[in-house]
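What follows is one structure encoded as structure tokens, with my remarks underneath.
All of the numbers you see were taken from the coordinates with simple rules; none came from a lab. The structure presented is a predicted model; accordingly, all values stated were derived computationally and were not measured. Cβ: placed from backbone, ideal geometry, glycine included. Neighbour counts: every protein chain shown.
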């Protein structure tokens, strides 16, 4: 795993999905406590570039490095 | 695979915040903290926070801050800085707070060349109260108080404050405008914020960074479309870049 996700923080704005260069981020099908469908990452396709961390307004991502 | 480096939200803002989905405030507050972290000043900071959506920052911060009366963060920051000149004072305001309500305080702080840093989040309306027209609302933009679109012949034209600072106040240290529309602009904006903080650290004088930020809820757009609106409509009127660089003489 290259990027850790804090599911509770996600507000489903979709900026990470839009900006991900590998298009490996998608919405999951389980609601979080706030009532949003948090994002999930396809670990096979992820390159750990950190673009999702850069554009996320809510601190969902932690790039492990 | 290229080596990646660890990136984690700085602990001072690592809390859930109440901003709307897709709001730019979350990105900017994180950038300020990253810049402070890089300058090794995380324990030497106080935020005078304006009223409006910017007030939500207070709920997510783990450091000193003061919620000012509406628009008066410029005056409060002046007091803070004069009492403790070695502490970094960063006022965090929206466009309605800094320009509409508090233009006198913002303007006077710049005029006196107070050694403070002002971060203004410009989303072209009063976001928290329901999207009313502000000084930065674009011509023709529909808001809840300009339902036929803003008529500039009656209400005046959108204000470009960093340009005024750069042009009219010779002593000011730094004036810039950035945006959060894509990763490249976000990284540039972080550089602007870091420059502004560095200017204050070196006692160079007044520094201001305005940020063009989306307001998806009040604009009635999705977060991605709101970012596109900034690129298409706002950036041609509000150019991004540094209007006054550090150490640059007045032309």
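Annotations for the structure displayed:
- Largest GNM mean-square fluctuation across B:113, B:123, B:202, computed for chain B with C-alpha springs under 10 Å, falls on B:202.
- Residues B:137, B:87, B:124 in ascending order of nearby Cβ atoms (within 10 Å, fewest first): B:87, B:137, B:124.
- Using the rule -39500 (n - 2.57) for each DSSP H run of four or more residues, divided by the residues of chain B, the 222 nm mean residue ellipticity is -9000 deg cm²/dmol.
- Relative compactness, the protein assembly as shown, computed as alpha-carbon Rg over 2.2 N^0.38 Å: 0.97
- Full-stretch length increase - residue B:202, residue B:147 - with 0.36 nm per residue and alpha-carbon distance subtracted: 15.2 nm
- Residue among B:104, B:59, B:176 with the largest mean-square fluctuation in a Gaussian network model of chain B, springs linking Cα atoms under 10 Å: B:59
- Averaged over the residues of peptide A:40-51, the number of Cβ atoms from other protein chains lying within 10 Å of each residue's Cβ is 2.
- Distance from segment B:100-153 to segment B:20-54 (C-alpha centre basis), Å: 20 Å
- Residue A:18/residue B:37 FRET efficiency (R0 30 Å; Cβ-Cβ; nearest 0.05): 0.65
- Percent of C-alpha pairs per 10 Å bin, segment B:155-206, short to long: 24, 41, 29, 6
- Between residue A:64 and residue B:66, the distance separating the two model label sites (each 7 Å from Cα on the Cα→Cβ line) works out to 4.5 nm.
- Considering only the protein assembly as shown, percent of DSSP beta bridges that pair antiparallel, nearest 5: 35 percent
- Fluctuation leader among B:48, B:21, B:214 - chain B, Gaussian network, Cα springs under 10 angstrom: B:21
- Summary of the geometry: segment A:13-51 and segment B:180-251, compared by the centres of their Cα atoms, lie 26 Å apart.
- For segment B:150-251, the share of DSSP beta bridges that are antiparallel, to the nearest 5, is 35%.
- The equivalent ellipsoid of segment B:28-161 has semi-axes of 29, 16, 12 Å, largest first, where each one is the square root of 5 times an eigenvalue of the Cα gyration tensor.
- FRET E, pair residue A:42, residue A:4, Förster distance 25 Å, beta-carbon r, rounded to 0.05: 0.95
- DSSP-defined beta bridges in segment B:8-166 - what % are antiparallel, rounded to 5: 15 percent
- Shape category assigned to chain B from the gyration tensor of Cα positions, a/c cut at 1.5: rounded
- For segment A:3-63, the fraction of alpha-carbon pairs in successive 10 Å shells from zero, as %: 26, 61, 13
- In this entry, segment B:203-251 is assigned a mean projected area of 4.9 nm², taken as a quarter of its C-alpha convex hull surface.
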